[in-house]
Each structure stands twice: as C-alpha cells, then as structure tokens.
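The next block holds one structure in the form of structure tokens; read it before the comments.
Derivation of every value follows stated rules applied to the coordinates shown; laboratory data play no part. Since this is a predicted model, take the numbers as computed values, not measurements. Counting neighbours? That spans all protein chains shown, and the Cβs are built from the backbone with ideal geometry, glycine included.
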Amino acid sequence: MAESDVEDRCFVRRARAVRSGPGDGISRGRLAAFLFAALTFGSWHQAWAQPVTQTPGAPDKETGQAGTIAPEKADLARTCRSLIATARQDRRTIGDAVLQCQDAVKAAPDDIDLTFEYGQLLSDALVFDELAAIQFRKAAEQGHAGAQNALGIALINGRGVPQDLEEGVRWTREAAENGLAEAQNNLGSLYAAGIGVPADIEKAVFWMSQAAERGDRQAQYNLGEAYATGEGVDQDWDQARSWYEKAAANGETRAGFRLWRIYSEGRGVDADIPSSLSWLRKAAEGGHAEAQVTLGDHYRAGRGVASDPVEATNWYRAAARQGFPPGQFLFGLSLARDRDFAESRTWMERAAENGHPDAQYMMGLFHHDGLGGLDRDPARAAEWYRRAAASGQRDAITALRELDPNEAGGAAPGQEGQAQ
C-alpha cells in the first residue's frame, strides 16, 4: 500500500483549505503544490439543520438584521457571543444564534468585533453567504483585520460576492499589513500559488515567516515545508525541523507526521527511532489519519514496538472512521482476517468506492466467493476487478485473466489489456 502524500497544505481559521486530489496541485513549483489547494469559509461541513427559533423574523436580504432591539445592548452582545460559542460546539443551536445576534448587531453598529463575529456565524450557517460578506465588509471598512482577511478570501473564492481576485488580494494584504498572522499566511499562500498575484516564492516565504514568528501554526508548518524542500530558501533540515517542532507544539498534527519521517529517515539528524515514534504517536493521537495508519503498520509489523495486531486494528479503525481510504481498507482487512466478513465488507466497500485499488480487488473477491453476506456473482466481481486493474492492481489483473469470460458477464480481454 503506497503512502498518500495528499494533505491539506494550507488551511486557515476562517478560510480553510479543502482536501485536494493528486490532480489538483498547483504547477508553479513543489512548494506551491504543497501550500495551496483552495481557500474556503466555514468550520462545519454538515447539512444545514433546521433551528429552533425563539425570535420571529429572518435576516433582511440587505442588512442581515431583523427582530426587536432589547434595551441593554451590552446584554444583547453578551448573549450573542455566548450563543456563538455554544453553536460552535452544537450546530443545532446555530439558527437561534443567528436570530438572537441580529438584534445585538443592530443595537451596536459601532462594535466592529461583534459585526465580524456575526459575519462568521452567518458564514458558518452555510446558507447566508451574502449576508456574511456584508458584515465582513462593514467591519473591514472600519479597519477590522479579521474582517479584512475574511472579506479577502470571500472575494477570492467568489463566496457571497462576485469573484474578484484583485480586490480579494488587496483586502488580504491590508489585513496582513495590519499584523494579522492568518492573513499573512494567506497572502504567502497566494504568492506561492500565483493566485491573484504573480507567483513569487520569495514573497511567499517572507509573509509566511511573518505569520510563523507571530505563532501561527499553519505558517510554521508551511515554513518547515519551505526549508525541507528548498523552495524560496536554501534547503535547511535544521530550520525545517525547528519550524515543524514549533508547529507540532501548537497542535499542528501534520508537522508531527513530518517529524516522524525526519527522525525515522535521518534527514539532517541521526536516525532516531524512539523519537520518530514519539512524534508519530503524537500526530496519531491528534487525529492525523495517515499517522494513525502508519502507527498501525508499526504495531502490525512490530517495527520499533512490540507486535500487537489488536493495537494495529485500533489505529486502522481510528483512521477508517475519519474516512481515510487506506484506513478503511486496512481496518476491513483486519476484520476479514478475524473472519468478520460482514463488517469487513462494509469498510472494504467504502474504501473501494473512494478509489482504493486494493479494496476494489477485495470487493471482487467478496463477490466472487460470496463472502460477507453476498451471493456469488462473478459478473459483479469482474466489475470490481476491472476498476482495480485500471489502477494497475496486479492481483486484479490476474483475477480477470482467470475468470471465464462467459461466467464473468463478458469481462473483455481488451479491457484487461488496457489495465496492463
């Protein structure tokens, strides 16, 4: 099983990067491909839930404000902020927070922090993008750096406003020059990817360095990547390790995974297996799916730790539950080895549908042999074998050759040849 190097390279707290596939990278140098996939708003990725509302009315299409104004605007602001905090933990309350915060913002139009927070709440709701952009612009025009950054990314993405890369970069730069670390990291990412500005790795590293020095963990990780790859700076493993360690200490699990590789392969340092495993475990415990699979592999093979198939399965399960295809496959494989074919098929199918070739081959076996509650179905088995063979999975190619063409529902030899 090949390790996946596809990770979120640049995600920011009000403008998160989305996971990209192997074909989504930026062509302007390795660092650009590493650092920037796409900027997007929102900290939730679930469907909008119908809120339980206590205040009548809905946001006005132009102002995003409605409802009645309570006499004590300070109390309204406190209530609004409390509801926002609750909504971040429990999405079911977000609708009530939106309605309650309308009154607070209307009562205190000069409170640009509250206006910005209300814009964030509207953006998180996923259905009020235009209203969120209006709030961001109000606060941005009054000098709020967070709102300037949020408005810049909205313009770059065309979310809630017509896409305008030039204006988006202008607002992002203004926030960066106002000292907002997130915006500095964003601006560096834009330079790395050449989005809205000419690609310029040196400027990218400059702005990321500004953010990293201010403690932004994502910029610290990005700067570690720059020194590790030698893009925009001289390659320097000591510097790379130093920035990765700062990012990892701030909770950036990708950095811990990078440190595992540095210490296990001896890049710029003597190989140190105990240190490498310590960083790997921290990344896995922090929720890094590839680290979880890798730690599971260590337990399965007994590399640097005592062999423990149960512990290996536990880590595969953790990665599988995050939707990581290699974790889904390996968890399914562990279940199959324990002869729990029904549960194994569930996870194998998820991995197979997510494009994992080995899981696709296994689904072929499940259909061919009638495992996991399936009836024997050579034709369906051939379909899965073809999908796996198209990715070069050798066992699937062999299985296709061995199937009787008539029994396999016409598993055409020509398709096998294309897979090779």
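Descriptive notes on the structure:
- Order of Ile273, Ile112 under a 10 Å beta carbon neighbour criterion, fewest first: Ile273, Ile112
- Only Lys, Arg (+1) and Asp, Glu (-1) charged, at Cβ; region 212-265 dipole about Cα centre in debye: 260 debye
- Segment Arg337-Asp113, extension gain: residue separation times 0.36 nm, minus the distance between their alpha carbons: 75.1 nm
- Figure legend: label point modelled 7 angstrom from the Cα of Ser275 along Cα→Cβ; residues of region 227-254 with amide N under 17 Å from it are 228, 236-249.
- Neighbourhood net charge (11 Å Cβ-Cβ; Lys/Arg +1, Asp/Glu -1) for Gly268: -2
- Computed FRET value (nearest 0.05) for Glu130 with Glu402, which takes r as the C-beta separation and R₀ as 45 Å: 0.20
- Segment Glu265-Arg394, extension gain: residue separation times 0.36 nm, minus the distance between their alpha carbons: 43.5 nm
- A Förster radius of 45 Å combined with the Cβ-Cβ distance from Asn178 to Asn354 puts the calculated FRET efficiency at roughly 0.60.
- Each residue of region 354-364 is assigned a 3J(HN,Hα), and the resulting list reads 7, x, 7, x, 5, 5, 4, 4, 5, 5, x Hz, derived from the Karplus form 6.51 cos²θ - 1.76 cosθ + 1.60 (θ = phi - 60°), x at Gly and Pro.
- Residue order for Phe136, Phe257, Phe128, fewest other beta carbons within 10 angstrom first, comes to Phe128, Phe257, Phe136.
- Hz values of 3J(HN,Hα) by residue in region 181-192 - Karplus curve (6.51, -1.76, 1.60), Gly and Pro given as x: 4, 4, 5, 4, 5, 4, 5, x, 5, 5, 5, 5
- Computed about the Cα centre, the dipole magnitude for region 296-351 is approximately 100 debye when only Lys and Arg (+1) and Asp and Glu (-1) carry charge, each at its Cβ.
- Applying 1/(1 + (r/R0)^6) with r as the Cβ-Cβ distance of Arg214 and Ala249 and R0 = 22 angstrom yields a FRET efficiency of 0.90.
- Net charge of the neighbourhood of Ala104, taken over other residues with C-beta under 12 Å away and scored Lys/Arg +1, Asp/Glu -1, is -2.
- In region 115-188, the trypsin sites (Lys or Arg not before Pro) that fall in loop regions by DSSP, at most 11 other Cβ within 10 Å: none
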